[in-house]
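The values are calculated or read from the model by the stated rules, or taken from the named source; none is laboratory data. Treat the numbers as computed from the prediction; the structure is a model and nothing was measured. Using ideal geometry, Cβ is built from the backbone for each residue, glycine included, and neighbour counts are taken over all protein chains shown.
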């Protein structure tokens, strides 16, 4: 026994001593050291530190579809870093939040997930790709966020963008219908063009998946138009300070933005802002145009090599965190603006207030409008915001918005009809 105690340290440390001696010898090069380091790390990489951990029953699961893209990566980072603070306020039994990250690029999503998994917050992450199937990503998800799709590039028409992304959204909608609890899940669509893709998502699920008919899922599929509100707030504050109309303060103005999510379908209601302003007519026109075409501004600044990814991720985060707070029981309802269907699966108004809004927007079936949202989905539509418009907003901007929006909606519905007919 004594002999073993004496020999064990010698035997154990002998390889390290030999290795150290070899490394200190003149013949041991930097290349040799690099090779030995690689061998060490390869052996270490076989140790169990999976980026696809098991998910507890008391978890709130959020699925991000398209998480390796420009918006998806930044949004996932914000959620991983910041959602821990929602848990600290939770009044329910949920004690954990899990992010399930999906992308068709397996190598990219594995890298993104591994990188995020090193961040020191209790929010867990898992990697998913077509190789392992989207089912594991969507199973038991309470919130599905969709930034998936291709961004608009120079020379690409809106029709080009629509055809590619509509196909992606349709396939993702099929997966959501098959894998999620349609009576509970919230679906937030970021992919563009939102004006057409939300109708694609809603119509495809209701038309091609019979189990959805009485689920109320149409009350919980929402287009994210928050970036328009973020821009309106930012630009209004900037012009007021630059013009010397208001002092520099640390608060941001609240500007309602309704309608759609592209060009002249976007109606920023500066007349209803809480930020007192004495802007002249030219300044107001400049602001409206800048909000409506803010995306082009970013594409141009990036020299056509990118679009609004960081600001969109910020806007998306502000939306997701509201739904997390709702489902954790921190709040009882959300008050926010989203692009939603105004009629349910049975062609009735989707919620109180929708019946009053429909004639104000010439019967447009989808519209971005302030809503009250509970865990069951849209519970009230604030139609009165249209009645509070000033003359210019109501008589000039609204008719143009509705005319273009109806065409966008029809494009989405026609895509679903043609897809169903060909299948």
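A few comments on the model shown:
- Evaluated against (1) within 17 Å of residue 284 (Cα to Cα); (2) touching a helix residue (DSSP H, G or I) at 6+ places or on another chain (Cβ under 6 Å), residue 243 falls short on exactly one condition, (2).
- Residues in region 386-403 that are farther than 17 Å from residue 291 by Cα and assigned to a helix (DSSP H, G or I): 386, 387, 391, 394, 395, 399, 402, 403.
- Hey, residue 179 surrounded by fewer than 24 Cβ atoms within 10 Å (Cβ to Cβ) and modelled with pLDDT of 95 or more or not: yes
- Only residues that are surrounded by 20 or more Cβ atoms within 10 Å (Cβ to Cβ) and not in a strand (DSSP E or B) were counted in region 366-385, giving 1.
- Which listed residue is over 18 Å from residue 338 (Cβ atoms), surrounded by fewer than 22 Cβ atoms within 10 Å (Cβ to Cβ) and in contact with a strand residue (DSSP E or B) (Cβ under 9 Å, 6 or more places away or on another chain), from 140, 163: 140
- Any hit, region 80-93, residues being crowded, with 22+ Cβ neighbours inside 10 Å, at pLDDT 95 or above and within 24 Å of residue 295 (Cβ to Cβ): no
- Selection status of residue 172, more than 23 Å from residue 420 (Cα to Cα) and buried (at least 22 other Cβ atoms within 10 Å of the Cβ): no
- Residue 191 meets the stated requirement of being within 27 Å of residue 307 (Cα to Cα) and either in contact with a strand residue (DSSP E or B) (Cβ under 9 Å, 6 or more places away or on another chain) or not in a helix (DSSP H, G or I) (or both).
- For region 348-365, a residue qualifies if it is farther than 20 Å from residue 265 by Cβ and crowded, with 19+ Cβ neighbours inside 10 Å, and the qualifying residues are 351, 353.
- Filtered by the rule that a residue be out of contact with any helix residue (DSSP H, G or I) (no Cβ under 7 Å at 6 or more places or on another chain) and touching a residue at least 12 places away in the same chain (Cβ under 8 Å), region 186-210 gives 194, 198.
- The condition of being under 16 Å from residue 74 (Cα atoms), at pLDDT 95 or above and out of contact with any strand residue (DSSP E or B) (no Cβ under 9 Å at 6 or more places or on another chain) holds for only one of 115, 120, 103, that being 115.
- The single residue among 321, 416, 378, 361 that is touching a helix residue (DSSP H, G or I) at 6+ places or on another chain (Cβ under 7 Å) and over 30 Å from residue 163 (Cβ atoms) turns out to be 321.
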